[in-house]
Amino acid sequence: MAIQIILLCGLVIFSALAILLKDLIKAALSLAVASLLLGIIFFRLAAPYAAVFEISVVAGLITVLFILTIALTKKGDEVTEARLVKLAFPVFLILFLIIDGLVMKSLLQKIPALPSGPEAGTFGEVLWKQRTFDLVAQVGVILAGVLAVLALFRKKEEDKDE
Amino acid sequence: MVFSFIVIPLLVAAFLPLVGKFSKKLLPDVLTNAALAFLVFNSILLVKPIFNQGVIVQNLNWLGERVNLQVALDGFNLFMLFTISLVSLCISLFSIDYLEHYGHKSTFYALFLVMIAGMNGLVLVPDLFSVYLFLEVAAVASYALVAFGLGYDELEASFKYLMLSVVASAFALLSITVIFGMTGSLNFQAVAQGLQDLQARLVLGVCVAFFIMGFGLKAALVPFHAWLPDAHPSAPAPISAMLSGLLIKVSGIYALFRIIYSVIGLTPALSQLLMALGTISMVVAALLALGQKDIKRMLAYSSISQVGYIVLGLALGTPLGIAGALFHLFNHAVAKGLLFLNSGSIQHITGTRNLEELGGLGKMVPVTAGTNLVGALSIAGVPPLAGFWSKLIIIMALIQAKEFGYALVAILASILTLWYYLLIQRKAFFGRVAEKWSQVREAPFWMSAANVVLALVCILVGIFFTPIFKTWISPAAEALARGIQQVLMWGL
């Protein structure tokens with residue numbers, strides 16, 4: 001239980017850091033650590049497939065995409081964030097934690113327990129035979145992400161010489 | 001083949017950046033338009049089998065072994081697929097000339113096709129988690145497309161859109177997670193059966209509230225609409241047309257009502273809540289549209305208002321209400337697509353979208369002015385155009401269900417709609433030609449052609465209303481109504 005609480009606290013802290021840190025590389029790495037912790041929590045809750053996806057896609061692939069994108073940008077003008085935005089996130093986070101604590105605890109007691117049991121079949125079976133459509137959609141999400149990087153970090157000057 | 005609606009756009013999108021290395025304009029134009037024309041053709045070919053069989057279930061085989069890729073096509077999804085394919089084809093035709101000054105056509109088209117694949121996937125999958133995943137495919141592509149111009153406004157609007165859209169997705173995902181926790185399943189039918197066995201009304205109520213918040217944000221229903229009037233006008237015109245014409249309907253209305261009709265069931269309380277939300281959207285957004293000076297911003301508010309009509313009809317839940325709402329969904333997709341493309345033409349011609357600066361353009365650019373008039377009158381519900389019939393059916397359905405108050409508000413909102421569309425006509429196209437517009441010329445060929453095709457659809461659908469309603473709308477409405485009956489039979 002103690003390990004679970006430490007992992008959950010770590011998840012919240014690193015998720016918050018991912019938003020609050022100014023240095024984008026550090027923010028991307030914080031997100032990767034948060035995702036890794038979430039993956040471990042999934043493993044401990046006997047959901048290995050969710051854990052594998054979380055660690056491979058979010059901690060691995062998406063972090064690579066983020067760092068690639070950051071590498072493509074260069075230090076430019078100083079961007080000052082509005083004060084309201086700086087305040088909004090911590091306020092929202094605290095509010096969310098309070099609501100989560102109050103509502104979800106009482107709500108979860110009312111949710112009938114899922115007939116428990118280990119996830120059926122091997123990882124391969126689940127991936128290829130039960131959730132195949134998700135793979136197609138994941139390919140779509142990754143493709144959209146890569147294309148978005150290509151579109152948003154294109155050199156504007158190149159547009160003109162067509 | 002049904003899978004082609006997802007696979008073809010994704011495959012073409014994957015190859016386009018490579019194709020763009022060899023041919024910057026011609027091949028991306030041809031490939032994208034050919035792929036979309038094929039999808040339109042494919043959806044027309046599927047009408048007959050759906051009309052005869054009702055539902056087509058297809059499984060994918062890979063090297064002789066059955067892969068668990070199953071899609072179930074009924075009248076409702078086919079109707080949505082046809083709407084998406086037809087409007088997308090016109091938008092991509094318009095983009096041939098419009099994108100000349102943006103450059104990087106191959107990347108634009110690739111993102112555009114990924115967005116279409118996401119929407120088609122969302123329409124075809126019978127599984128809650130897959131709905132969420134395809135929702136994200138379409139959403140990720142749309143964030144990049146809104147920001148495609150890379151100007152300050154575009155980037156700001158895209159960021160705002162991203163932030164609110166992520167909140168919407170989070171609500172939908174939270175609800176899906178709780179439902180999975182309760183029923184141990186994600187398939188629509190199995191979840192509906194599981195929920196009926198459980199009788200967990202309180203938790204289900206919370207899930208429905210989260211779905212309404214999530215998909216309501218995606219559909220920009222009032223009071224979840226704040227992002228839309230910024231995001232839609234800032235995007236390039238083809239993407240504004242795509243977002244307002246299709247995306248808010250597919251990722252908001254389709255997803256919400258598919259889940260309500262096929263999984264949760266439309267209870268009288270839920271019906272009243274959604275009807276109230278629809279009516280508030282219809283009136284508030286119409287009033288907000290009246291005060292706008294930017295054409296695209298006015299059109300964006302109009303989209304929120306028209307989405308209100310669709311929600312009102314679908315939430316009513318009677319066969320006539322559903323049919324009217326679906327018909328209005330199609331008509332709005334076509335006419336709003338046309339009006340946003342048209343606003344792109346106006347901006348291309350004059351360099352401005354400000355109604356106060358425009359005036360008398362009708363004499364100088366008759367094709368743009370004429371097609372704008374057709375689109376505006378169709379949305380406002382003027383006979384014999386397509387929008388008139390769909391609004392009439394929704395109002396008739398309301399009267400038939402003895403919801404006289406809602407019917408009256410729907411008629412009044414329609415008058416407001418006509419008012420602000422006539423304002424556009426008066427300020428932009430009628431009156432004396434201002435000195436600075438005396439030399440303007442009509443928009444390039446493909447831009448005008450796309451406008452004309454969409455305007456013709458508005459006119460022809462209005463004239464041939466009866467056969468089109470029987471062939472397309474009735475099977476779609478029946479498929480949805482069957483979903484309600486099944487869930488009602490399960491006793492929810």
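I'd like the FRET efficiency for residue B:269 and residue A:71, computed as 1/(1 + (r/R0)^6) with the beta carbon distance as r and R0 of 60 Å, rounded to 0.05.
0.70
Report relative contact order for chain B in percent, whole number only (criteria: Cα-Cα under 8 Å, sequence separation at least 6).
17 percent
Among B:243, A:95, which comes first, then next, by fewest other beta-carbon atoms within 10 Å?
With the fewest neighbours first, B:243, A:95 line up as A:95, B:243.
How far is helix B:152-183 tilted off the main Cα axis of chain B, in degrees rounded to 10, range 0 to 90?
10 degrees
Largest first and to the nearest Å, give the Cα extent of the range B:4-489 along each principal axis.
Sorted from largest, the Cα extents of the range B:4-489 read 72, 58, 43 Å.
Out of the range B:379-453, which GluC sites (Glu not before Pro) are coil in DSSP terms and have no more than 16 other C-beta atoms within 10 Å?
Passing sites in the range B:379-453 are B:442.
Helix B:445-463 versus the longest principal axis of chain B: what angle, 0 to 90°, nearest 10, using Cα atoms?
50 degrees
Which part of the range B:346-385 falls in the paramagnetic zone of residue B:153, meaning amide N under 19 Å from the point 7 Å along Cα-to-beta-carbon?
Under 19 Å, as judged by backbone N against the label point of residue B:153, lie B:346-359 of the range B:346-385.
If the limit is 18 Å between Cα atoms, which of B:218/B:391; A:22/A:86; B:25/B:336 go over it?
Flagged as over cut-off: B:218/B:391; B:25/B:336.
For every helix of n ≥ 4 consecutive DSSP H residues, a contribution of -39,500 (n - 2.57) applies; sum these over the protein assembly as shown, divide by its total residues, and give [θ] at 222 nm rounded to the nearest 500 deg cm²/dmol.
Taken over the protein assembly as shown, the calculation gives -23500 deg cm²/dmol.
Could you tell me the relative contact order of the range B:181-280? Use alpha-carbon pairs under 8 Å, at least six residues apart, and round to a whole percent.
Once divided by the residue count of the range B:181-280, the mean separation gives 33 percent.
Inside 10 Å of the C-beta atoms of B:130-141, what's the mean count of C-beta atoms belonging to other chains?
That average works out to 5.
Report the relative contact order of the range A:1-74, percent, no decimals, based on alpha-carbon pairs under 8 angstrom and at least 6 residues apart.
Once divided by the residue count of the range A:1-74, the mean separation gives 28 percent.
Enumerate the amide H contacts of residue B:127 below 5 Å, restricted to partners 5 or more residues apart or on another chain; note that Pro and chain-start residues carry no placed amide H.
Hits under the 5 Å cutoff: B:188.
In nm², what is the average projected area of the convex hull enclosing the Cα atoms of the protein assembly as shown?
29.1 nm²
Using 0.36 nm per residue, how much length does the chain from residue B:58 to residue B:287 gain when fully extended, once their Cα-Cα distance is taken away?
This chain segment gains 77.8 nm when fully extended.
Going by alpha carbons, how many degrees (0 to 90, nearest 10) lie between the helix axis of B:366-380 and the longest principal axis of chain B?
Once rounded, the angle reads 30 degrees.
Only the coordinates and a few stated rules stand behind these numbers; no lab work does. As the structure is a prediction and not an experimental result, all values here were calculated from the model. Note: ideal-geometry Cβ built from the backbone for every residue, glycine included; neighbour counts use all protein chains shown.
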